[in-house]
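Working notes for the structure below.
The values are calculated or read from the model by the stated rules, or taken from the named source; none is laboratory data. All values reported here derive from a predicted model rather than from experimental measurement. Cβ: placed from backbone, ideal geometry, glycine included. Neighbour counts: every protein chain shown.
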Amino acid sequence: MKLTKEKIFPVIISALKEDIGSGDITASLLFEKDVSVLAHITAGEECVLAGMDIAKWVFDAVDEKLIFTAHSKDGERVKKGKRIISVKGSAKNILSAERTVLNFLGHLSGVATLTAEYVKTLKGTRVKIYGTRKTTPGLREMEKYAVEAGGGYNYRIGLWDGIMIKDNHLSGLAGSKLKAARESVMLFKNRGYKSVEIEVENLAEFKEALSSGADIIMLDNMRPEDIKKAVKLVRCQAPNKKVPGTVILEASGGINIENIKKIAKTGVDRISIGKLTHSAPSIDFSLEICN
């Protein structure tokens, strides 16, 4: 996915207002007679970068006259000590933008780096890693962008751009969950939706979803042995049992770096992981003025 300045700028302005408020008291007093300086942003640890454009937009929001130079790009793995950005201009304005820039870079690069770790763990398999809607309020598009910078994928941005029938939807409908699952899938299929995903928690619900024509079935917190059985049922529908059928199987829930290989070996098509966005450690970056 591509970030646009028009969509991200309001978030940047909000972050700057939060930090600067009515004005940067320290920088304003120390630099009453402003001076031009050169500053560099350096990675404090090895990581996968995300948020370089956002860093530029933050500096632009504070002072459009600042000269921004990127030495790396999003999706690039950089080593500790790598200089990734140089910025030249008003010392006061660079320092006023500093923390907001580093916060965005640190968080988004953390998401990209964690995603890349999961992707690397499954190298050699056909399983794809997906992000979820478990994101920081207000930062979803940025965080989902960072997932892709780390080599992951996204299915939907929010409730508005994809069908996802979850357990609570089914629990809120009349009748048994099995009946609700079948009727819910058929409702959307009959109305012409071409991609309908449903969440199931056991093989009985899975069989109902499969027979009702779901396009994507999320196997939520299911045991690996049950996931294998679900994969086998799908492959039995395909002309060639060695390849998956048309239904996409997604494993989710309780997945971490220690058990993800075991889940991948079940034969699922993709694995969705909330940790990518809600638990990624921030990456350390620092800004230093050089003159």
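What are the residues in the stretch 1-26 that are over 29 Å from ALA146 (Cβ atoms) and either assigned to a helix (DSSP H, G or I) or touching a residue at least 24 places away in the same chain (Cβ under 8 Å) (or both), if any?
Filtering the stretch 1-26 down to residues over 29 Å from ALA146 (Cβ atoms) leaves 22-23, 25-26.
If the condition is that a residue be over 29 Å from ALA146 (Cβ atoms) and either assigned to a helix (DSSP H, G or I) or touching a residue at least 24 places away in the same chain (Cβ under 8 Å) (or both), then ILE25, THR26 are the ones that fit.
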TODO: Output the qualifying pairs, or none if there are none: Cβ atoms under 6 angstrom, residues six or more apart or on different chains, first residue in the stretch 52-72 and under 16 Å from ALA39 (Cα atoms), second residue of a type in the set (D, E, K, R) and part of a helix (DSSP H, G or I).
DONE: PHE68/LYS56
Task: Pick from the stretch 25-78, criterion among the charged types (D, E, K, R) and modelled with pLDDT under 95, ranking: nearest to GLU98 (Cα to Cα) - done: ASP34
Open item on the list: I'd like the residue in the stretch 234-291 that is farther than 16 Å from VAL127 by Cβ and touching a strand residue (DSSP E or B) at 6+ places or on another chain (Cβ under 7 Å) and, out of all such residues, is modelled with the lowest pLDDT.
Closed with: ASN291
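The rows are residues; the columns are (1) under 19 Å from GLY110 (Cα atoms); (2) buried (at least 18 other Cβ atoms within 10 Å of the Cβ).
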position: GLU18; (1), (2): no, no
position: GLY23; (1), (2): no, no
position: THR26; (1), (2): no, no
position: GLU46; (1), (2): yes, no
position: GLY51; (1), (2): yes, yes
position: TRP57; (1), (2): no, yes
position: ALA70; (1), (2): yes, no
position: LYS73; (1), (2): yes, no
position: SER86; (1), (2): no, no
TODO: Report those helices (runs of 4 or more DSSP H) wholly inside the stretch 96-195 carrying at least 2 residues which are of a type in the set (A, V, I, L, M, F, W, C) and either touching a Phe, Trp or Tyr at 6+ places or on another chain (Cβ under 7 Å) or not assigned by TED's automatic domain parsing to the domain that holds ASN256 (or both).
DONE: 140-149
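Kindly provide the set of residues from the stretch 252-268 that are among the hydrophobic types (A, V, I, L, M, F, W, C) and under 20 Å from ALA280 (Cα atoms), ordered by number.
Of all residues in the stretch 252-268, those among the hydrophobic types (A, V, I, L, M, F, W, C) come to 255, 257, 260, 263-264, 268.
Selection gives ILE255, ILE257, ILE260.
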Open item on the list: What pairs come out if I take residues in the stretch 79-105 that are among the polar types (S, T, N, Q) and pair them with residues that are assigned to a helix (DSSP H, G or I) whose C-beta lies under 6 Å away, six or more apart or interchain?
Closed with: ASN93/VAL62; SER96/ILE20; SER96/ALA27; SER96/VAL62; THR100/ALA15; THR100/LEU16; THR100/ASP19; THR100/VAL58
